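Q: Before we start, here is the structure in question, set down as structure tokens.
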Amino acid sequence: MGAAVSSPQKMAAAREKLIVALDFATPREAEALVTGLGDTVSFYKIGLELAYGGGLPFAQDLIRDGKQVFLDLKLHDIPATVSRACAQVAGSGARFLTVHAFPQTMTAAKLAAAGSSLRILGVTVLTSCDDRDLADAGYAYGVRDLVSRRASQACEAGIDGLILSAEEASIIRASVGSKMILVTPGIRQEGSTAADQKRTTTPAAAIAAGADYLVVGRPVTQAKNPRETAAAIVTEIACALGTR
Ligand code: C5P
């Protein structure tokens, strides 16, 4: 497998599917990574750590520089609060915003984002959780059943996409159809460490399972050479797109 077997169009399509998670404490550290990655990466995720450390104004800088931004704020509150928070984000130019996939939360977010270019993604079950974690938290469902249930509730709420592990993506793709955006974190190249993630998949397997976007954090941010690692992931995605 190598870049030579993928057409320039496949490589361009692959590049758009990689979302790098900027899990840093400060915009200064995030900016250093973004600069180092250059044209290799065009889509960035800002999560809770960076958002609480000045990441929201930094998101505006990224958008001004022509990057796509995913605000992974994982909102969950009463509908009025979720709705007002989503309305604040709707005009920001961010492409994706996450809410937890609870029916009233998804409905409130969808209504607030209507008419904007913001796409609402529902977090089904965190990729750091397995069946035992769900039982500990008091759920009667295992991961698969809870992801399925939340996916059908997401369809009813009319939201745009789902965050799930690639382990569930192919089953969910078959039930939600091609329009629902499927975003898969928990991505690990062959042989890299899982850390706190429990439902991990390689980039190629995630694409084969029907993922539209892959979120990759530590494998890139902690790499010796982040640009080379990101480029290798893009190449793996491009090869997998060739067989999909
Ligand atoms: O470093 P790693 O690749 O594990 O990072 C995954 C990223 O995806 C983190 O920013 C994490 O917050 C996010 N995420 C996740 N599982 C979800 C939703 C988001 O790992 N279900």
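Q: Which ones in segment 17-50 are assigned to a helix (DSSP H, G or I), free of Cβ contacts under 8 Å to residues at least 40 places away in the same chain and under 14 Å from the mean Cα position of the chain (by Cα)?
A: Listed by number, the list holds a single entry, Leu48.
Q: Applying the selection to segment 160-200, what residues are of a type in the set (Asp, Glu) and more than 10 Å from the ligand (Cβ to nearest atom)?
A: Asp160, Glu167, Glu168, Glu190
Q: If you don't mind, another one. Quick one: Asp145 ticks every box in (1) within 12 Å of the ligand (Cβ to nearest atom); (2) of a type in the set (Asp, Glu); (3) more than 15 Å from the chain's Cα centre (by Cα) except a single one, so which number is it?
A: (1)
Q: Scan (1) in contact with a helix residue (DSSP H, G or I) (Cβ under 6 Å, 6 or more places away or on another chain); (2) within 16 Å of the ligand (Cβ to nearest atom); (3) of a type outside the set (Asp, Glu) for the single condition Cys86 breaks and write down its number.
A: (2)
Yes/no per residue for (1) touching a helix residue (DSSP H, G or I) at 6+ places or on another chain (Cβ under 9 Å); (2) more than 24 Å from Glu228 (Cα to Cα); (3) surrounded by 15 or more Cβ atoms within 10 Å (Cβ to Cβ); (4) modelled with pLDDT under 95:
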{"site": "Lys17", "(1), (2), (3), (4)": "yes, no, yes, no"}
{"site": "Ala25", "(1), (2), (3), (4)": "yes, no, no, no"}
{"site": "Gly36", "(1), (2), (3), (4)": "yes, no, no, no"}
{"site": "Phe43", "(1), (2), (3), (4)": "yes, no, yes, no"}
{"site": "Asp61", "(1), (2), (3), (4)": "yes, yes, no, no"}
{"site": "Thr81", "(1), (2), (3), (4)": "yes, yes, no, no"}
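Q: Just to check your reading of the model, which residue among Ile237, Ile159 is in contact with a Lys or Arg (Cβ under 8 Å, 6 or more places away or on another chain), in contact (Cβ under 8 Å) with a residue 24 or more places away in the chain and either farther than 25 Å from Ala13 by Cβ or assigned to a loop (DSSP other than H, G, I, E, B) (or both)?
A: Ile159
The values are calculated or read from the model by the stated rules, or taken from the named source; none is laboratory data. None of these values were measured; they are calculated from a predicted model. A quick note on method: Cβ atoms are made from the backbone with ideal geometry, for glycine too, and the neighbour counts reach across all protein chains shown.
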